[in-house]
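Could you have a look at this structure, given as structure tokens, before my questions?
Values quoted throughout were computed directly from the atomic coordinates according to the rules given, and no laboratory measurement underlies them. This structure is a prediction, so every number in the text was calculated from the model and none was measured. Cβ placement follows ideal geometry from the backbone for every residue including glycine, while neighbour counts extend to all protein chains displayed.
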Amino acid sequence: MKKVLLVIAIFIPVGLLFVAGPFNFVLQQWTLLVPIMAGVFMVLVQNEDRSYRFLPKLIVGSLLGSFLFFLLVELYFWNGEGPLLQHFFSIEVDAPLILASICFWGGLIGISLKGIRALLTESKHKRKK
């Protein structure tokens with residue numbers, strides 16, 4: 001789980017660069033690549049060999065990462081009106097859940113890539129014998 005948290009810690013600032021940083025006017029349509037790549041890397045850093053072992057960490061990681069990302073975005077765009085906690089609780093739940101589902105689908109792509117790699121290395125070992 002430490003590696004998944006490291007992936008979240010890397011991709012949240014990258015996502016903030018795309019949303020609130022200097023790239024927000026240039027790469028608007030490419031912003032969805034950040035959660036997809038975060039999901040892929042959440043799977044690729046794990047040392048598991050069965051697909052059902054990836055899913056709990058992927059689900060928790062995508063939910064945690066998306067909610068933390070949206071809390072930081074709301075903190076960045078908070079203009080100081082009203083209490084900060086009231087501003088946080090006014091966040092709509094739809095947007096982080098959509099981002100979490102995009103991250104989850106990226107993780108499923110990562111599981112597919114890892115499975116293809118396992119099949120290719122297995123067939124290469126069989127050919128050598």
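Can you tell me how much longer the chain between PHE77 and LEU119 gets when fully stretched, taken as 0.36 nm per residue apart minus their C-alpha distance, in nm with one decimal?
Net length gain for the segment: 10.5 nm.
Okay, moving on. Going by average Cβ density within 10 Å per residue, which order do the peptides 64-77, 41-54 take, highest to lowest?
Highest to lowest by the protection proxy: 64-77, 41-54.
Please list 111-124, 7-20 highest first by mean number of surrounding beta-carbon atoms within 10 Å per residue.
Packing order, densest peptide first, comes out as 7-20, 111-124.
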